[in-house]
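Before any comments, here is the structure.
None of the figures in this text is laboratory data; all of them are computed from the coordinates on show. Just so we're clear, the structure is a prediction, and the values are computed from it rather than from any experiment. Counting neighbours? That spans all protein chains shown, and the Cβs are built from the backbone with ideal geometry, glycine included.
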Amino acid sequence: MKRASGILLHPTSFPGPHGVGDLGSAAYRFVDFLAEAGQSVWQILPLGPTGYGDSPYSAFSAFAGNPLLISLEQLVSIGDLDAEDIAGQSCPEGAADYGFAHRLKNRLLPLAASRFHAGSGPRQEAYRQFCQEQAYWLNDYALFRALRRHFDQQSWNRWPLDIRSRQETALRHWGKELAAAIEELKYAQFVFFEQWFALKGYANQKGVRLLGDMPIFVAFDSADVWANPHLFHLDDDLQPTLVAGVPPDYFSETGQRWGNPLYRWEAMADGGFSLWLARFRWNLAQTDMVRIDHFRGFEACWAIPAGEPTAINGRWLSAPGAELFETLKQELGEVPVIAEDLGVITPEVEALRDRFAFPGMKVLQFAFGSGADNPYLPHNLTRNCVVYTGTHDNSTTLGWWRALPPDTRQAVRGYLGRSGRHMPWDLNRTALASVADLCILPLQDVLALDDSARMNTPGNPAGNWRWRFAPGALEGDVHLPLAELSQCYGRI
């Protein structure tokens with residue numbers, strides 16, 4: 001990895017009239033801003049279709065794209081919608097309104113699909129090719145979502161037994177019964193990736209690489225688990241027996257019970273890790289690099305009995321991470337992976353990360369208040385890492401600074417040799433100046449925003465993933481401080 005820097009921003013955070021940010025004009029303007037600011041990496045969160053809570057880390061599929069990100073203006077420009085279809089269909093700018101976006105696109109995407117399928121030409125041929133090439137996940141996903149809609153959005157484990165257990169006669173029956181809905185859902189996926197790959201191509205032409213994000217676990221209520229129950233710890237009734245989380249620690253007396261079903265790693269290995277190979281191939285087609293969330297789970301996972309209400313009574317369940325990554329290396333070559341290795345990391349996890357030379361993550365907000373040996377302090381960093389001021393799970397740097405106790409705030413001043421009056425740029429400068437090969441700044445820190453712009457608060461089930469930057473926030477000379485510091489510290 002050459003010395004570089006970039007910005008963390010999820011597409012839902014773009015401004016726009018249709019409830020949440022999308023892959024339209026604001027996305028292209030953001031790429032232009034990255035290029036003007038001398039940035040060569042754009043980091044995103046997972047792109048999957050979100051479920052309850054709108055979290056990008058809980059998706060109905062590990063392969064599908066989120067239809068909420070489809071640009072309606074682009075559908076108009078390409079002829080799948082008419083301008084009148086979207087005229088007056090807008091909501092106020094500000095925080096993301098997922099309810100509005102769902103209602104609008106649930107109404108307009110089927111209309112666009114019907115017009116598209118009524119035509120013929122190169123795009124219809126591209127659609128057929130897309131459906132053929134992506135059939136390994138697309139067929140199950142489209143049927144899953146159509147069934148879920150038919151059964152009043154109930155989780156798949158509440159469906160009738162024959163389709164819940166994927167009996168062949170039931171699959172054929174529902175495939176015919178829901179054929180129209182399935183075609184609509186496949187169209188939405190075709191359009192999503194049509195728009196995404198066009199945006200990626202534009203970014204790459206501007207010298208900007210895309211850094212994606214791959215959660216280690218998948219949601220129980222997903223096409224992935226429904227289609228592959230043998231790969232997960234489920235009982236004979238297809239209910240989870242072991243679920244994921246993290247044990248009690250300094251931050252939580254009861255730990256965190258995430259609820260994702262754990263993998264049957266022996267079944268994964270017996271199948272040559274085919275699901276993981278497919279995930280990596282598709283993710284690395286969509287982006288140029290990928291961050292793996294909760295990397296420590298590839299060495300051992302905290303396994304919680306599904307009936308436990310908290311994460312207290314769990315146990316460590318070993319995982320064949322080395323065997324998996326050796327298989328990936330044999331099949332795909334050197335994979336451009338960044339390991340999310342935050343939190344309590346054991347020597348075994350570090351050895352797994354270092355065996356494959358995956359860069360880890362260093363977050364400067366975690367660096368202060370515990371002495372000179374803190375591994376996140378810049379003087380303890382190595383080149384092969386990615387340094388952040390903060391991530392989507394943290395306060396903005398300005399919010400962090402304002403909430404620090406006086407003794408920690410003084411430690412920050414002493415280390416940086418600055419008064420803190422120019423926070424967050426004092427910490428932005430420190431990150432950019434570090435030896436880390438890659439520096440990523442959340443856009444909130446570039447815009448010097450307080451915690452009203454925080455993206456996510458772990459453990460808080462409401463009010464997350466809603467931040468969007470204001471229209472016009474990137475205009476004028478906003479790019480200059482970042483461009484100048486990136487130039488100064490050799491990241492352009």
Quick one: Cα centre-to-centre distance for region 311-363 and region 387-462, in angstrom?
-> 26 Å
Expressed as a whole number of Å, what is the distance separating the alpha-carbon centroids of region 60-108 and region 475-492?
-> 34 Å
Taking H as built 1.01 Å from N, whose amide H comes closer than 5 Å to the amide H of ARG209, not counting residues under 5 places away?
-> VAL41, TRP42
Taking only DSSP H segments of four or more residues, each worth -39500 (n - 2.57), what value at 222 nm results for the chain once the sum is divided by all its residues, to the nearest 500 deg cm²/dmol?
-> -12000 deg cm²/dmol
Could you give log10 I(q)/I(0) at q = 0.14 Å⁻¹ for region 252-331, computed by the Debye formula over C-alpha point scatterers of equal weight, without solvent?
-> -0.57
Which is farthest toward the positive dipole end of the chain among SER90, LEU328, GLN132, measuring Cα position about the Cα centre, with Cβ charges +1 (Lys, Arg) and -1 (Asp, Glu)?
-> SER90
A correct Karplus calculation of ³J(HN,Hα) over region 28-35, with 6.51 cos²θ - 1.76 cosθ + 1.60, θ = phi - 60°, whole Hz and x for Gly and Pro, returns 5, 5, 5, 4, 4, 4, 4, 5
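Give me the mean projected area, in nm² to one decimal, of the convex hull enclosing the Cα positions of region 106-246.
11.3 nm²
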Of 205-218, 448-461, 387-400, 149-162, ordering from highest average Cβ density within 10 Å down gives 387-400, 205-218, 448-461, 149-162
Give the long-range amide H neighbours of ARG291: residues separated by 5 or more places, or on another chain, with amide H under 5 Å away, using H modelled in the peptide plane at 1.01 Å from N.
-> GLY212, ASP213, MET214, ILE338
Relative contact order for region 250-317, counting Cα pairs under 8 Å that sit 6 or more residues apart, in percent = 40 percent
Protection proxy ranking of 127-139, 426-438 - average other beta-carbon atoms within 10 Å, highest first = 426-438, 127-139
Quick one: what are the phi-derived ³J(HN,Hα) couplings along region 167-181, Karplus 6.51/-1.76/1.60 with θ = phi - 60°, whole Hz, x for glycine and proline?
-> 5, 4, 5, 5, 4, 5, 4, 6, x, 6, 4, 10, 4, 5, 5
For the chain: relative contact order, % (alpha-carbon pairs under 8 angstrom, 6 or more apart) = 19 percent
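Loop-only check: which chymotrypsin sites (Phe, Trp or Tyr not before Pro) in region 222-305 are DSSP coil with at most 14 other Cβ within 10 angstrom?
For chymotrypsin sites (Phe, Trp or Tyr not before Pro) across region 222-305 that sit outside H, G, I, E and B with at most 14 neighbouring Cβ atoms in 10 Å, the list reads TYR250, PHE251.
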Nearest 5 is fine: what % of DSSP beta bridges in the chain come out antiparallel, could you say?
-> 35 percent
Given backbone amide H placed at 1.01 Å from N, residues whose amide H is under 5 Å from that of VAL363, ignoring those fewer than 5 places away on the same chain, are TYR388
Please report the Cα spread of the chain along all three principal axes, rounded to whole Å, starting with the longest.
-> 69, 54, 41
What's the percent breakdown of Cα-Cα distances in region 56-117 across 10 Å bins, shortest bin first?
-> 19, 50, 27, 4
Here region 191-203 yields Karplus 3J(HN,Hα) values (6.51, -1.76, 1.60; θ = phi - 60°; whole Hz; Gly and Pro given as x) of 5, 4, 6, 4, 6, 5, 5, 5, 5, 4, x, 4, 5
